[in-house]
Amino acid sequence: MITRFAEKDRYNAVAAGLHWLIAALLFAEIYVGWTFGDLERGAARDLWFDWHKTLGLTILGLSVVRLGWRMASPPPPLPARTPGWERVAASLSHFGFYVILIGLPLTGWAAVSTGRAALTSDMMSLAGGLSWPLLPGLPLTLHEPMEGVHELLVKLTYALVVLHVAAALKHQFLDKGRMAGRMWPFPRR
Ligand code: HEM
């Protein structure tokens, strides 16, 4: 059951809609990342990788929009009873999510821009036959470090997702706060 929250205590429809859209794309992107990572070089891997790049850049665009929206329209205050340590944990994890949502696509894009693709073109392929510019001016020596940071951020993503879901379940069921209502995207009737 989703408890009614006063409008001022809820994320607005744009923030909540983007939250769930980005969450769904993030899960799909991780699955695509695992899949192409396990394939041998060839047409199937290229296709999955094109989807990886396309979804990743879409997540980057949507996350920048959501960050801008958050700055223009700040989130609702946490309930007054929220203890200090939970406030700090919430701020840190929200910050961490922006680090991965922006850092993962940028490091992936930088890794491709300094890899094999950069030897023959200044563009990379996306899904549906589209192409997208490589990041210009990056030394090829950055390729391995960028891949390394990308993989590190993937691990940070797993940790953040586990913590975030555990916190949401705790608020929803143990604290009886029914916090999920704060992130419900549709107006309550
Ligand atoms: C939020 C966006 C993204 C997420 C969640 C994500 C996630 C992942 C995952 C789960 C893997 C597999 C890691 C493994 O096998 O251990 C991966 C690998 C990779 N991703 Fe992404 N990725 C994102 C965006 C991008 C973008 C936009 C690009 C390129 C334009 C990209 C390029 C790569 C590359 C080159 C690898 C292979 C790295 C390696 O072999 O070490 N990623 N990514």
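The values are calculated or read from the model by the stated rules, or taken from the named source; none is laboratory data. All of these numbers come straight from a predicted model, not from anything done at the bench. Every residue, glycine as well, gets a Cβ built from its backbone with ideal geometry; the counts of neighbours run over all protein chains shown. Note: areas computed on protein heavy atoms with side chains; ligands, DNA, RNA excluded. Shrake-Rupley method; radii C 1.70, N 1.55, O 1.52, S 1.80 Å.
Between 56, 37, 115, the residue with the greatest mean-square fluctuation in the GNM of the chain (Cα pairs under 10 Å linked by springs) is 37. In whole Å, how far is the Cα centre of the stretch 19-37 from that of the stretch 42-64? After rounding, the separation between the Cα centres reads 9 Å. Accessible area per residue (1.4 Å probe, heavy atoms of protein chains only) ranks 85, 20 as 85, 20, with the largest value leading.
Quote the charge dipole size of the chain about the Cα centre in Debye, to the nearest 20; the model charges only the Cβ of Lys and Arg (+1) and of Asp and Glu (-1).
Details: 18 positive and 13 negative charges, 247 e Å.
It comes to approximately 1180 debye.
Cross-link partners of residue 170 among lysines, defined as those whose alpha carbon lies under 28 angstrom from its own and excluding same-chain residues fewer than eight positions apart: 8, 155.
Leaving out same-chain residues fewer than 8 places away, which aspartates and glutamates sit with a Cα under 12 Å from that of residue 53? Answer for residue 53, where 12 Å is the Cα cut-off: 29, listed by chain and number. Ellipticity at 222 nm from helices only: DSSP H runs of n ≥ 4 in the chain, each -39500 (n - 2.57), divided by the residue count, give -22000 deg cm²/dmol.
Taking 0.36 nm per residue of sequence separation and removing the Cα-Cα distance, the residue 117/residue 168 pair yields an extension gain of 14.2 nm. Taking the charge dipole of the chain about its Cα centre, with +1 at Lys and Arg Cβ atoms and -1 at Asp and Glu Cβ atoms, the residue from 62, 125, 73 reaching farthest to the positive side is 73. I want to verify a result. In a Gaussian network model of the chain, Cα cutoff 10 Å, which of these has the top mean-square fluctuation: 141, 35, 120? The residue with the greatest mean-square fluctuation here is 120.
Give me the distance between the Cα centres of the stretch 125-149 and the stretch 87-103, rounded to whole Å. The stretch 125-149 and the stretch 87-103 have Cα centres spaced 25 Å from each other.
Between residue 86 and residue 38, what is the FRET efficiency for a Förster distance of 45 Å, r being their Cβ-Cβ separation, to the nearest 0.05?
Details: r = 38 Å, r/R0 = 0.85.
Between residue 86 and residue 38 the formula returns 0.75.
So what's the angle, to the nearest 10 degrees on a 0 to 90 scale, between helix 13-38 and the longest Cα principal axis of the chain? Approximately 40 degrees, to the nearest 10. Largest first, the extents of the alpha carbon coordinates of the stretch 7-183 on the three principal axes equal 58, 32, 29 Å. Restricting the trypsin sites (Lys or Arg not before Pro) of the stretch 39-131 to loop positions (DSSP other than H, G, I, E, B) with no more than 11 neighbouring Cβ atoms within 10 Å leaves 41, 81, 116. Largest GNM mean-square fluctuation across 80, 118, 166, computed for the chain with C-alpha springs under 10 Å, falls on 80.
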